[in-house]
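To start, the structure under review is shown below, and the notes come after it.
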Amino acid sequence: MPRPISPDQTAQAAGTAMVIGAGPAGLMAAERLAQAGHAVTIYEGMPSAGRKFLMAGKSGLNITHSEDLETFLSRYGASRERLEPHLRAFGPSEIRQWCAGLGVETFIGSSGRVFPTAMKASPLLRAWLRRLDGLGCTIHYRHYWTGWDETGNAIFKTPTGTVQAKADITVLALGGGSWKRLGSDGKWMQILQAAGIKCNPFKPANCGFDIRWTQHLIDKCAGQPVKAVTLSAGSQTIRGEFVISKSGIEGSAVYAISATLRDQWLQTGSAILTLDLAPDRDLADVTARLAKPRGKNSLGNHLRKSLGLDATKTALLFEVTPRETLNDPAKLARTIKALPLPIARPRPLDEAISTAGGVAWEELDDNFQLIKRPGTYCLGEMVDWEAPTGGYLLSGCLTITF
Ligand SMILES: Cc1cc2nc3c(=O)[nH]c(=O)nc-3n(C[C@H](O)[C@H](O)[C@H](O)COP(=O)(O)OP(=O)(O)OC[C@H]3O[C@@H](n4cnc5c(N)ncnc54)[C@H](O)[C@@H]3O)c2cc1C
């Protein structure tokens, strides 16, 4: 079981620590280590800290979730067992208290998601960097880690040449493999693999998917939301909304089901997303409503009047349904309740909100320490866990209780 370093352990634990990567996981590690008495130096490849964190704040920084802890823990799927002790020690309530300690109040949105009142990440990041400065942490920007030399020094590429550094503790918090322009380029994977550390290949998580739409659907619906639907893949069903894009589908409900769809696609080369366009009516009700004579109404009008299907849902239905089915109320009702959308492929890795894959759990002890490299820890998104959007990603990065 991981144990936070207690004050009476501080004196003997204190020493030097280097944290490589100044995203949320690295900054939290730096805070913990400095509070435990270590002299902490942070190295960051980019010219400033927390670029992905700031990007996350652009659409409303969802920092954690307020649901009961049992449900919250279940969001981490296969990695729950490994993350649970940490999330129990530093979970949603502690994250909110920690924000408040930085002068950032949070609120619970209607969906249970937790956001800073200002919605943005920048005030939080500024206060956090001030705190780290006050704790004596030094940050070297434009220091890009390229590996270790034969004596175990970390090597950094800087604008003025190569720099080497060593510390008692090294924390790697180098992020996942998406949104490379923000700094997390995933190249650390080759370095760790060369050092004999097993890493699982990156996979897009919380991603959109390509669908081969006709030009007609793109012209009519690109950018339009599809509201109040259920999406099913495998044994998973999600209710929510998503957006039709020029290349396929995006948005919260798609992200929520994306891991299942992605794995199906990776395993079989194809995947089907099934939509229920009228989730509040059962099949018998939909069939009965469609069987009523439609008079002079077009089929689109009939669908709107009898079932409340808007123009976007109707366009989706017409896009994938053969004419013969459209003319048969019983078949049409079944299709409305289970509309199959064939997935062409997941959107490219670099566009994904997060990535699965990374340092394999079996390489880490309960404190995220590399078993083959004692004194070196791997934290945050670079470890092979994944979670849906909803504040679970940042919660998993901030929960550091070495
Ligand atoms: C558009 C978008 C919106 C998001 N919204 C949310 C949200 O609302 N809620 C949520 O929970 N999550 C959200 N996320 C996900 C969340 O931002 C990430 O999961 C989180 O930032 C990962 O933290 P990290 O510290 O592990 O890695 P990162 O934040 O990626 O930080 C890693 C750092 O390491 C540095 N680095 C990488 N390689 C090197 C190297 N070789 N040498 C030196 N430095 C290096 C990088 O420059 C970077 O600063 C969002 C992501 C995106 C892209």
- Task: Hey, can you tell me all the residues within the range 48-74 that are more than 7 Å from the ligand (Cβ to nearest atom) and not charged (D, E, K, R)?
- Result: S48, L54, G57, T64, H65, S66, L69, T71, F72, L73, S74
- Note on the structure: Counting only strands (runs of 3 or more DSSP E) entirely within the range 230-277, those with at least 3 residues that are open to solvent by less than 30 Å² (accessible area, probe 1.4 Å) and not charged (D, E, K, R) are 236-244, 271-276
- Among G45, G26, which is at pLDDT 95 or above, touching a strand residue (DSSP E or B) at 6+ places or on another chain (Cβ under 6 Å), in a helix (DSSP H, G or I) and within 7 Å of the ligand (Cβ to nearest atom)? G26
- Given T158, T151, which one is away from the ligand (no atom under 16 Å from the Cβ), open to solvent by 10 Å² or more (accessible area, probe 1.4 Å) and β-branched (V, I, T)? T151
- Task: Considering only residues that are in a helix (DSSP H, G or I) and under 20 Å from A311 (Cα atoms), look in the range 278-290 and name the one that is most open to solvent (accessible area, probe 1.4 Å).
- Result: R289
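So that you can scan it fast, the table gives a plain yes or no per residue for (1) surrounded by fewer than 22 Cβ atoms within 10 Å (Cβ to Cβ); (2) in contact with a Gly (Cβ under 7 Å, 6 or more places away or on another chain):
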{"site": "G177", "(1), (2)": "no, yes"}
{"site": "G183", "(1), (2)": "yes, yes"}
{"site": "P204", "(1), (2)": "no, no"}
{"site": "F209", "(1), (2)": "no, yes"}
{"site": "A228", "(1), (2)": "yes, no"}
- Across the range 163-176, what is the number of residues that are within 13 Å of the ligand (Cβ to nearest atom) and in a strand (DSSP E or B)? 5
- Residues of the range 103-148 satisfying the condition of being open to solvent by less than 20 Å² (accessible area, probe 1.4 Å), closer than 19 Å to A30 by Cα and among the aliphatic types (A, V, I, L, M): A121, L124, L125, A127, L132
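The values are calculated or read from the model by the stated rules, or taken from the named source; none is laboratory data. Source: prediction; values computed, not measured. Glycine also receives a Cβ, built like all others from the backbone with ideal geometry; neighbour counts cover every protein chain displayed. For accessibility, only protein heavy atoms count, side chains too; no ligands or nucleic acids. Shrake-Rupley method; radii C 1.70, N 1.55, O 1.52, S 1.80 Å.
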